[in-house]
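A quick write-up on the structure given underneath.
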Amino acid sequence: MRGSRESGCGMRVSNMALKSIQVKTVVYDGQKPGTSGLRKAVKLFQQQHYTENFVQSILNALGSSLVGSTLVVGGDGRYFCKQAVDIIIKIAAANGVSKLLVGQNGILSTPAVSNLIRKYNTIGGIVLTASHNPGGPDNDFGIKFNISSGGPAPESITDNIYELTKSIQSYKIVNDLKCSVSCIGKQTFQIDNGRTFTVQVIDSVEDYVILMKEIFNFEALNNLIKERRFSILINSMHGVTGPYVRKIFVEELGAPENNTINIVPKEDFGGHHPDPNLTYAADLVKAMQTGEYKLGAAFDGDGDRNMILGHKAFFVTPSDSLAVLGAHLECIPYFKYNGVKGFARSMPTAGAIDLVARDKNKEFFEVPTGWKFFGNLMDAGRLSLCGEESFGTGSNHIREKDGIWAVLAWLSVIAHLNQSVEDIVKTHWAKYGRNFFTRYDYENCEAAPCNKMMSELEAKITNPGFIGQEYSTSKGKTYKVKYGDNFEYTDPIDCSITSKQGIRVVFEDGSRLIYRLSGTGSSGATVRLYAESYEKDYNVIYQPAAKVLEPLINIALELSKLPKFTGRNSPTVIT
Ligand code: VG1
Ligand code: CO
């Protein structure tokens, strides 16, 4: 270690000047960020210069504002995070960055990064995660850049980063810089001609907990969990949320320790998909079925997704979760003080929140898939609460979706209404009607036939003759096509246009079918099929979703010839 240790794990100062060097590199194809950053197999990131190229391109995209700046760095603790943190430190030092705020051991949840960027006014942050994708040497890694607002970089920036990766010839690095991120404290280094570079290793959890305490009434939540013995079961799926869950739910809110499971972050998430849905969080579903707990929740690898279950594993769809929270925001102190601006959802998300927005006379927005599309609206003060059907819920307290926030929001509603999860949702349906929703994922299919399926489908549904087409089902219900399109979004703030965001088939009764190819997979193609149907009828709203949506799904499969193109007779995941 270059440098002297002042006290224990505290401040270290390196007096020796370290030299940056320029390393010649080769271009790698395909470093195009997808829905949420660059996600590829670990093996690709491990190739010589691969990670360095991408990190240098991020810094190059920042232009002259990079010199003297501060960046936040951290990730979900998956395999290759440590190496990537080390590379980022060395490259940032060489490129004139003045300071890095790094989570201890490189650990920071995605919402925590967003908070740190905002709180300490940094130029942005680099998030090391492939989110819900499996981890380990044979699985995925990812790098995402977040801008100074705390949100994922918009496409104008990620496109620029991608362009830079296509022409990169060299990167700058301080190879001799040895920096340990295992101890909290400040380390400073002298680079080249006496330039000071600081790495401040921070507690991964502290600032996030402070933020949650500002937003929620922890006393009331502690009362619910500890005094009123409202039993919860929180599953971190061996992702990054473990330490956050321990601190918040056990230490602050008084939940018994064994009501939190899988809270030790693992580099391979214990060999599972860290994806909180009914398939990959089956252990939570099973534990909830016993009836021992009143609320169950699971988070993904990087802590921005959440799944909420009620007593006996009553499943709350993310679209309903968003709408229920939207209908009860007044019981969360943050919204009492800051007011409630508009609501928003991603296009495939069911329209339950639309009805709440209308009821409460709030502005409403429908954006493409991906959290980056909510940022401008929040920055412009027009959006308070938003969500995605993919288990993402969040508010303008940061610029990422936030899994733990969502659970605290639910607990706030429960404490306030003094009702069960199931009763809250059913009361909501009774008032607003129910937006039945399901998503079928066909993971890791061959790319070429899936692309063909999408183009043939688009041609079919945008043909003027498609409007008015009728599809009758064996159940005697007929769906008549209102219109079909490929979703295009114009950002109301910066007027940027994002097209081809998903093929939509909308029927006369408001039912919808949506087809998209995933932008977060690391290889091949994942087809997502979304189906939504709205019902107000009391005889229908309490029926099982699978039953109500079955005819619509059959139409969807027939219309797209999905089994033929994917070679699959059933999806890998149904939510
Ligand atoms: C998926 C979800 C999308 C979400 C994105 C990132 O994208 O559908 O709603 O924003 O993952 O979530 P895609 O392109 O695969 O459908 V996370 O938790 O990976 O940061
Ligand atoms: Co995630």
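Coordinate-derived values only; no laboratory data. Computed from a prediction, not measured in an experiment: that's the story for all the values here. Counting neighbours? That spans all protein chains shown, and the Cβs are built from the backbone with ideal geometry, glycine included.
Could you sort 128-134, 195-201 so that the peptide with the highest average Cβ count within 10 Å comes first and the rest follow in order? Walk me through the intermediate numbers first.
Working: 128-134: 27.0, 195-201: 18.9.
In descending order of packing, they fall as 128-134, 195-201.
Along its first, second and third principal axes, ordered by size, region 434-574 spans 43, 39, 30 Å in Cα coordinates.
Put simply, the amide H of VAL367, placed in the peptide plane, has neighbours under 5 Å in ARG345, SER346, MET347, leaving out anything fewer than 5 places away on its chain. When a/c reaches 1.5 or more, the comparison of a/b and b/c decides; with that in mind, is region 144-198 rounded, prolate or oblate per its Cα gyration tensor? Since a/c reaches 1.5 but b/c is at least a/b, the shape of region 144-198 is classed as oblate.
To make sure I understand, if each residue's beta carbon is the centre and we count other beta carbons within 10 Å, what order do ARG399, ARG246, ARG358 fall in, fewest to most? Could you put the intermediate results ahead of the total?
Details: ARG399 26, ARG246 19, ARG358 12.
Taking fewest neighbouring Cβ atoms as first place, the list is ARG358, ARG246, ARG399.
For GLU257, neighbours were defined as the other residues whose beta-carbon sits under 14 Å from its Cβ, and their charges (Lys and Arg +1, Asp and Glu -1) total +1. The alpha-carbon positions of region 207-432 define a convex hull whose volume is 111 Å³ per residue. With a cut-off of 11 Å between beta carbons, the residues surrounding GLY68 carry a summed charge of +2, where Lys and Arg count +1 and Asp and Glu -1.
By the beta-carbon count within 10 Å of each Cβ, the least crowded to most crowded order of TRP429, TRP405, TRP410, fewest first, is TRP429, TRP410, TRP405.
Centre-to-centre, using Cα atoms only, region 109-133 and region 11-87 are separated by 15 Å.
Which of the three applies to region 277-341, rounded, prolate or oblate, going by the alpha-carbon gyration tensor with a ≥ b ≥ c and a/c under 1.5 meaning rounded? Can you show the working numbers first?
Numbers: a/c = 2.61, a/b = 1.90, b/c = 1.37.
Prolate, since a/c reaches 1.5 and a/b exceeds b/c.
The value for the chain of Rg(Cα) / (2.2 N^0.38 Å) is 0.97.
Relative contact order for region 19-164: what percent, with Cα pairs under 8 Å and sequence separation of 6 or more?
On the way: 252 pairs, mean separation 45.9, N = 146.
It rounds to 31 percent for region 19-164.
Counting DSSP beta bridges in the chain, what percent are antiparallel, to the nearest 5? Write down the numbers at each step before the final one.
On the way: 68 of 101 bridges.
Given both bridge residues lie in the chain, the antiparallel proportion sits at roughly 65 percent.
Summing charges over neighbours of LEU295, with a neighbour being any other residue whose Cβ is under 13 Å away from its Cβ, gives +1 when K and R count +1 and D and E count -1. Packing-based ranking of 136-143, 451-458 yields 136-143, 451-458, ordered from highest to lowest mean Cβ neighbour count within 10 Å. When the alpha-carbon atoms of region 8-137 are used, the pair Rg, Dmax equals 14.8, 45 angstrom.
Stokes-Einstein diffusion for region 444-517 at 37 °C, viscosity 0.692 mPa s, with a Kirkwood radius from C-alpha pairs, works out to 237 µm²/s.
Each listed q (0.27, 0.28 Å⁻¹) maps to a log10 I(q)/I(0) for region 63-128, found by the Debye formula over equal Cα scatterers with no solvent: -1.18, -1.23. Helix content alone sets the calculated 222 nm mean residue ellipticity of the chain: runs of n ≥ 4 DSSP H residues at -39500 (n - 2.57) each, divided across all residues, give -9000 deg cm²/dmol.
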